[in-house]
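Note sheet for the following structure.
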Amino acid sequence: MAVNTLKYPKVQNFINGEFTRNGHKAMDVHSPLDGSVLSTLPLSSNKDLEQAVAAAQKAFPAWSALTIKERVQIFYRYRTLVEQNLDELAALVSEENGKTIGEATAEVAKSIELTEFACSLPQIITGEILEVSQGVECRTTHAPLGVVACISPFNFPHMVPHWTVPNAIALGNCVILKPSELVPLSAVRMAEMLKEAGLPDGVFNIVHGDKEIVEAICDHPAIEAVSFVGSTRVAKIVYKRATANLKRCVALGGAKNHLLVLPDAHVEMTATNIAASMSGCAGQRCMAASAMVGVGKIDHIVARLCEVARDIKVGESLGSVISKEAKERIERYITEAEAAGAKVLVDGRNATVAGKEGGYYVGTTIIDYVTPDMAIAKEEVFGPVLAIIRSDDLDEAIAIENSSNYGNAAAVFTQSGGLARYVMERASAGMIGVNIGVPVPREPFSFGGWNESKFGVGDITGKSSLAFWSKIKKTTTKWNPDAFTNWMS
């Protein structure tokens, strides 16, 4: 591919504060909006990872020796840079991922919020101190781990790295980021802005590539912890491999989120919330509504939901899916469900956008009378597709939700506080919504699911993540030999 056909410069690794590319094999980076080639990506080798780890190890002593109040000053400056360049960053997210500009802008705004949380860490991670006996004090402090790694997915190229990188660095670690090979451009800008904000060389590094680099990260003896976000299949592999090599690991997988809809649900709020949840980011998010479980007589809600879904237009309020393969897989799920007896109420197959015929689009799709044994009812589709399962009563609906292997999110739509509480207490998911289609916690509350949606202890964001990126040091001191003593001292 000639250089002059690329919209962006060739992607390079970012190691020790510099962009570098050592004659690797390369792959093209396509925009799912129209299929055009945006750049090329290096398929890095173990040698590149070794260089990144060496740079991080070299930077760690000086970086970790700073106080946390000194370290977070970088992120105050970085936050300002992200805010000042929000439109540019959103356009980049849209180009490489396929989101609408509005969705991409919201993603970068969430990155700002995550950075603000990192800035607040000096007020949160203060440690504890207690005089346990006269003249004897015990205290705890948080110490960094060393070199850590973050492996991020394609669906949120700017936000998901901000789930981990700001907290890990603010706590004194040095980070190696491996972005999805499908969306490397946002990570490049992240590196440039962190350097502009004053982050010392070697504290943040990027190594691009595919499966080989993920495996090398899991195996490297100098990497102390690994975070991963992606499919459940790969999350299991990463978690097993990293922990087998005695690393900390938290690995977020896929989801099959169930929205339970009761007959008394507010029609307009329910229809608009569910439509937005199933179609937002083209359904390519682990918090998307994937299965609606209707309880009893909910035809009036389904009718309004279909009207709202039909008003969501591809190329306008609905972006593209990530690839041709994703489009084909999503449409295959729809066709197989229809062949198995489900009824397609709104059909998004074969969608195209004028002027962007090379793009990868699937329109909003609603399928009714899906049965729990169908593949579309059990498996993660990762597209703007909603499967409606019918149930006779609330206990049956909860049983359907509980039967899922996943456990990221669940929601209930009702005007009854008692019934909402009944579902909240029985749903098998880490994040619960009441009349909310995308129940994502906001900082300082943490993000993380249950069951096969997450592997490892703790969550990946918020206060829960701080224990993952640090280790507790306990110190006991006694200075006064004349103090009264007892068995505790």
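Quick one: would you say residue 117 is closer than 24 Å to residue 183 by Cβ, in contact with an Asp or Glu (Cβ under 7 Å, 6 or more places away or on another chain) and at pLDDT 95 or above?
Details: closer than 24 Å to residue 183 by Cβ: yes; in contact with an Asp or Glu (Cβ under 7 Å, 6 or more places away or on another chain): yes; at pLDDT 95 or above: yes.
So residue 117 fits the description; yes.
Residues are listed down the side, and each one gets a yes or a no for (1) modelled with pLDDT of 95 or more; (2) in the same structural domain as residue 342 (by TED's automatic domain parsing):
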| position | (1), (2) |
| --- | --- |
| 372 | yes, yes |
| 394 | yes, yes |
| 397 | yes, yes |
| 440 | no, no |
| 444 | no, no |
| 455 | yes, no |
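What number of residues in segment 431-458 are surrounded by 21 or more Cβ atoms within 10 Å (Cβ to Cβ), part of a loop (DSSP other than H, G, I, E, B) and of a type in the set (Lys, Arg)?
Result for segment 431-458: 0.
Please tell me if residue 182 is in a loop (DSSP other than H, G, I, E, B) and in contact with a Phe, Trp or Tyr (Cβ under 6 Å, 6 or more places away or on another chain).
For residue 182, the condition - in a loop (DSSP other than H, G, I, E, B) and in contact with a Phe, Trp or Tyr (Cβ under 6 Å, 6 or more places away or on another chain) - is met.
If you go through segment 362-383 one residue at a time, how many are in contact with a helix residue (DSSP H, G or I) (Cβ under 6 Å, 6 or more places away or on another chain), in a loop (DSSP other than H, G, I, E, B) and under 17 Å from residue 275 (Cβ atoms)?
Taking segment 362-383 and keeping what is in contact with a helix residue (DSSP H, G or I) (Cβ under 6 Å, 6 or more places away or on another chain), we get 362, 364-367, 370, 372, 374, 376, 381, 383.
Right, trim to in a loop (DSSP other than H, G, I, E, B) and you get 362, 364, 372, 374, 381, 383.
Narrowing the set further to residues that are under 17 Å from residue 275 (Cβ atoms) leaves 362, 364, 381, 383.
The qualifying residues number 4.
Considering only segment 256-290, state which residues are farther than 19 Å from residue 396 by Cβ and charged (D, E, K, R).
Once the filter is applied, which keeps residues that are farther than 19 Å from residue 396 by Cβ and charged (D, E, K, R), segment 256-290 yields 268, 285.
Which of the following residues is of a type in the set (A, V, I, L, M, F, W, C) and crowded, with 22+ Cβ neighbours inside 10 Å: 303, 255? Steps first, please.
Working: 303 fails: crowded, with 22+ Cβ neighbours inside 10 Å.
The conditions single out 255.
So, residue 406, is that one farther than 30 Å from residue 153 by Cα, of a type in the set (Ser, Thr, Tyr), out of contact with any Phe, Trp or Tyr (no Cβ under 7 Å at 6 or more places or on another chain) and surrounded by 14 or more Cβ atoms within 10 Å (Cβ to Cβ) or not?
No; evaluated as a whole, the condition is false for this residue.
Surrounded by 15 or more Cβ atoms within 10 Å (Cβ to Cβ), in the same structural domain as residue 368 (by TED's automatic domain parsing) and either closer than 22 Å to residue 401 by Cβ or modelled with pLDDT of 95 or more (or both): is that true of residue 348 in this structure?
Here the answer is yes, as residue 348 does meet what is asked.
Could you check, for segment 28-46, whether at least one of its residues is assigned to a helix (DSSP H, G or I), in contact (Cβ under 8 Å) with a residue 12 or more places away in the chain and under 22 Å from residue 146 (Cβ atoms)? Lay out the reasoning, then the answer.
Kept after step one, since they are assigned to a helix (DSSP H, G or I), are these residues of segment 28-46: 46.
If we keep only those that are in contact (Cβ under 8 Å) with a residue 12 or more places away in the chain as well, we get 46.
When the remaining residues are screened for being under 22 Å from residue 146 (Cβ atoms), the result is 46.
Yes - at least one qualifying residue is present in segment 28-46.
Which residue pairs have Cβ atoms closer than 9 Å, lie 6 or more positions apart in sequence or on different chains, and pair a first residue in segment 415-430 that is touching a residue at least 12 places away in the same chain (Cβ under 8 Å) and buried (at least 16 other Cβ atoms within 10 Å of the Cβ) with a second residue that is acidic (Asp, Glu) and in a loop (DSSP other than H, G, I, E, B)?
Listed by first residue and then by second, the contacts come to 419/264; 430/459.
Which condition from (1) among the aliphatic types (A, V, I, L, M); (2) closer than 21 Å to residue 366 by Cα; (3) assigned to a loop (DSSP other than H, G, I, E, B) is the one that residue 411 breaks?
Checking residue 411 against (1) among the aliphatic types (A, V, I, L, M); (2) closer than 21 Å to residue 366 by Cα; (3) assigned to a loop (DSSP other than H, G, I, E, B), the one that fails is (3).
Looking at residue 247 and the list (1) outside the structural domain of residue 329 (by TED's automatic domain parsing); (2) in contact with an Asp or Glu (Cβ under 9 Å, 6 or more places away or on another chain); (3) crowded, with 24+ Cβ neighbours inside 10 Å, which single condition is not satisfied?
(3)
The rows are residues; the columns are (1) out of contact with any helix residue (DSSP H, G or I) (no Cβ under 9 Å at 6 or more places or on another chain); (2) under 28 Å from residue 255 (Cβ atoms); (3) touching a residue at least 12 places away in the same chain (Cβ under 8 Å).
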| site | (1), (2), (3) |
| --- | --- |
| 106 | no, yes, no |
| 117 | no, yes, yes |
| 121 | no, no, yes |
| 129 | yes, no, no |
| 152 | no, yes, yes |
| 162 | no, yes, yes |
| 198 | no, no, yes |
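Quick check, is residue 156 touching a residue at least 24 places away in the same chain (Cβ under 8 Å) and in a strand (DSSP E or B)?
Working: touching a residue at least 24 places away in the same chain (Cβ under 8 Å): yes; in a strand (DSSP E or B): no.
So residue 156 fails the test.
Inspect segment 172-192 for any residue being touching a strand residue (DSSP E or B) at 6+ places or on another chain (Cβ under 7 Å), of a type in the set (S, T, N, Q) and touching a residue at least 24 places away in the same chain (Cβ under 8 Å) and give the result as yes or no.
yes
Can you tell me how many residues within segment 73-123 are buried (at least 20 other Cβ atoms within 10 Å of the Cβ) and either assigned to a loop (DSSP other than H, G, I, E, B) or assigned by TED's automatic domain parsing to the domain that holds residue 278 (or both)?
3
The values are calculated or read from the model by the stated rules, or taken from the named source; none is laboratory data. Just so you know, these numbers come straight off a predicted model, no measurement behind them. Cβ sites come from the backbone with ideal geometry, for glycine too, and all protein chains shown count toward neighbours.
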